[in-house]
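The values are calculated or read from the model by the stated rules, or taken from the named source; none is laboratory data. All values derive from a computational prediction rather than experimental measurement. As a convention, Cβ positions derive from the backbone with ideal geometry for all residues, glycine included, and neighbour counts pool all protein chains shown.
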Amino acid sequence: MKYDTILFDLDGTLLDTLEDLADSINTVMRQEGYPQRTKEEIREFIGDGAKKLMGRSLPQGMSEKEILRCLSTFREHYLKNMQNQTTPYEGIPEVLKRLRGMGIKIGVVSNKPDDATKEICRHYFNRDVLVAIGDHRARKKKPAPDNVFEALKQLESGKEKTLYIGDSDVDVMTAKNAGLACVAVSWGYRSRETLRAAGADHIIDKPEELITLLEA
């Protein structure tokens, strides 16, 4: 087999987190007297980290100080409520177990805050995910390759045998910046057209197609 390691994005790839993210964003909006955001708007805002999610959700022209203040409230609420409605996409738990059975090391690299990334991976995937890396002030977030390299270091894996899986143009850019092959998934938060334009090596429509691709 060509690959012995797979790194996954989290939101929109392994987990459908939209409902809980939208709930936390709109909790902040209600508390601060700002207009509510629709789930479709929030779907488009996801992918570049919590700060940009908050900044995009607030009305235009907000100061950095106000964005950071609201971000703090959002993070506090989300950490307490991030498992209310979040679920793995259909077929994901089974595919992760099959990958582990094939001897493949599994890691997660996300722009979600590092503490939330680690906690949510422990909750939903237990031992199937060996390493979970999120946004941390010590490293640049995706599409910079820093967190990918940190995951590879912890997994003791090489780039040449690692495959990156994600649902957004940010993920495709991350893979390219890290020198990894990339598979994009169409069930997440971005369209096939966006993924194709970003230059994904492959696009799959169901989790089990990843097994087929690996065995081809």
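Brief remarks on what is shown
- Any pair with Cβ under 7 angstrom, 6 or more apart, that starts in the stretch 126-145 at a residue that is under 9 Å from Val109 (Cβ atoms) and not assigned by TED's automatic domain parsing to the domain that holds Lys52 and ends at one that is buried (at least 17 other Cβ atoms within 10 Å of the Cβ) and hydroxyl-bearing (Ser, Thr, Tyr): Ala132/Thr117; Ile133/Thr117; Gly134/Ser110; Gly134/Thr117; Lys142/Thr174
- Of the residues making up the stretch 1-11, one or more are under 30 Å from Gly158 (Cβ atoms), loosely packed, with under 15 Cβ neighbours inside 10 Å and at pLDDT below 95.
- When residues of the stretch 17-46 are limited to those that are under 23 Å from Trp187 (Cβ atoms) and in contact with a Leu (Cβ under 8 Å, 6 or more places away or on another chain), the one surrounded by the fewest Cβ atoms within 10 Å (Cβ to Cβ): Lys39
- Tabulated pairs, the stretch 73-99, first aromatic (Phe, Trp, Tyr) and outside any helix (DSSP H, G or I), second surrounded by fewer than 18 Cβ atoms within 10 Å (Cβ to Cβ) and at pLDDT 95 or above, C-beta under 8 angstrom, 6+ apart or interchain: Tyr89/Trp187
- Within the stretch 156-170, the set of residues being of a type in the set (Asp, Glu) and out of contact with any Gly (no Cβ under 9 Å at 6 or more places or on another chain) comprises just one member, Glu156.
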